[in-house]
Amino acid sequence: MNTPANNTAWPETLLAISDHFAAFFQRYGMPSAKSQEMAEAAAIELSEVFGGIQVYLPRGDAIRRELRDISIARRLGAESCQSLAMEYKLSQKQIWEITRKQREKHRRHFQE
């Protein structure tokens, strides 16, 4: 059983995370040596923030949609609702609804 107390698979998981980040950085043009250095730094950062806890991350459209919504909520104010609606091919009503939901999530996060 892989429980946190007796989990011995973490070195392999760490290697997979580090290798994935290094390949990701290289795809964006970072030199190999620098990408490995940054991948290790990213893995350490992940462990500092999320080490010791289980984290669920959805795949595909769900995570992309949530990241889109976070971006919209952050940008509204500095940019107009109309320009965001055009960029994301959404209505202005949808932009306001996304922003309202994101602000509520933000509020709940900081009230806990």
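For segment 18-37, the tally of residues that are of a type in the set (Ser, Thr, Tyr) and surrounded by 15 or more Cβ atoms within 10 Å (Cβ to Cβ) stands at 2.
Scanning segment 62-78 for residues that are over 15 Å from the mean Cα position of the chain (by Cα) and either in a loop (DSSP other than H, G, I, E, B) or of a type in the set (Asp, Glu) (or both) yields Gly77, Ala78. If you check Arg75, Arg64 for being at pLDDT 95 or above, surrounded by 11 or more Cβ atoms within 10 Å (Cβ to Cβ) and either within 30 Å of Leu14 (Cα to Cα) or among the polar types (S, T, N, Q) (or both), only one passes: Arg64. Against the list (1) modelled with pLDDT under 95; (2) among the charged types (D, E, K, R); (3) surrounded by 13 or more Cβ atoms within 10 Å (Cβ to Cβ), the condition Glu12 fails is (3).
The values are calculated or read from the model by the stated rules, or taken from the named source; none is laboratory data. The structure presented is a predicted model; accordingly, all values stated were derived computationally and were not measured. Positions of Cβ are backbone-derived with ideal geometry, glycine not excepted, and every protein chain shown enters the neighbour counts.
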